[in-house]
Amino acid sequence: MTYIVNDECIRCKHMDCVEVCPVDCFYEGENMLVIHPEECIDCGVCEPECPVDAIKPDSDSGAEKWLALNADYSKVWPNITVKRDAPADAAEWFGKPNKFEEQFSPKPGKGD
Ligand code: SF4
Ligand code: F3S
């Protein structure tokens, strides 16, 4: 089992999650983060830290798509361990529909 980041993170990217992960397994895209499924030790401490509820166990229904996305992009995006400011318009994107289809960026973030 692992935890995964889903599309609720897109353009919200609060980054509270990275500060609590004991194994530093978050990776940064331009407008969302993902978890490396093989590095995650399933501790669960990141799940309640996310203000937009974007982190879930991969055993949740509907998580398969996000597990694949996390697995794919954690291989190519840079590692991130230190929180930076969320985007200025993060609140506007909270809960918006079709974020993956319309807003997902495959570009890497800055990492640290
Ligand atoms: Fe890191 Fe634990 Fe969250 Fe996995 S469940 S990403 S190990 S904080
Ligand atoms: Fe995204 Fe939530 Fe982390 S919005 S960056 S998963 S705290």
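The values are calculated or read from the model by the stated rules, or taken from the named source; none is laboratory data. Quantities reported herein were computed from a predicted structural model and do not represent experimental measurements. As a convention, Cβ positions derive from the backbone with ideal geometry for all residues, glycine included, and neighbour counts pool all protein chains shown. Protein only, heavy atoms only, side chains kept; ligands, DNA and RNA dropped before computing areas. Shrake-Rupley method; radii C 1.70, N 1.55, O 1.52, S 1.80 Å.
Listed highest first by mean packing, meaning other Cβ atoms within 10 Å per residue, what order do 38-47, 83-92, 52-61, 17-26 come in?
17-26, 52-61, 38-47, 83-92
In percent, how large is the relative contact order of the range 4-81, given Cα pairs closer than 8 Å and 6 or more residues apart?
It comes to 45 percent, rounded to a whole number.
Net charge near residue 67, counting Lys/Arg +1 and Asp/Glu -1 over other residues with Cβ under 11 Å of its Cβ?
Overall, the nearby charge balance is -2.
Rounded to the nearest angstrom and ordered from largest down, what semi-axes does the equivalent ellipsoid of the chain get from its C-alpha gyration tensor (root of 5λ)?
Output for the chain: semi-axes of 18, 16, 14 Å.
Using the per-residue mean of other Cβ atoms lying within 10 Å as a proxy for protection, in what order, highest first, do the peptides 63-71, 1-9 fall?
Answer by packing, highest mean first, reads 1-9, 63-71.
Where does the chain land at 222 nm, in deg cm²/dmol rounded to the nearest 500, when only DSSP H runs of n ≥ 4 count, each adding -39500 (n - 2.57), divided by all residues?
Computed ellipticity for the chain at 222 nm equals -4500 deg cm²/dmol.
Using the Cα centre of the chain as origin and beta-carbon charges of +1 (Lys, Arg) and -1 (Asp, Glu), tell me which of 10, 23, 50 is placed farthest towards the positive end of the dipole.
The one lying farthest along the dipole's positive direction is 10.
Around residue 1, with a cut-off of 10 angstrom between Cβ atoms, what is the net charge of the other residues, counting Lys and Arg +1 and Asp and Glu -1?
-2
Leaving out ligands and nucleic acids, and using a 1.4 Å probe, what accessible area per residue does the chain come to in Å²?
Spelled out: the 1.4 Å probe surface of the chain, per residue, equals 51 Å².
Which Cys in the chain stand alone, with every other cysteine's Cβ at 4.7 Å or more from theirs?
Cys with no partner Cβ under 4.7 Å: 9, 12, 21, 25, 40, 43, 50.
Setting aside same-chain residues fewer than 8 positions from residue 96, which lysines have a Cα under 20 Å from its Cα?
Partners found: 13, 56, 65.
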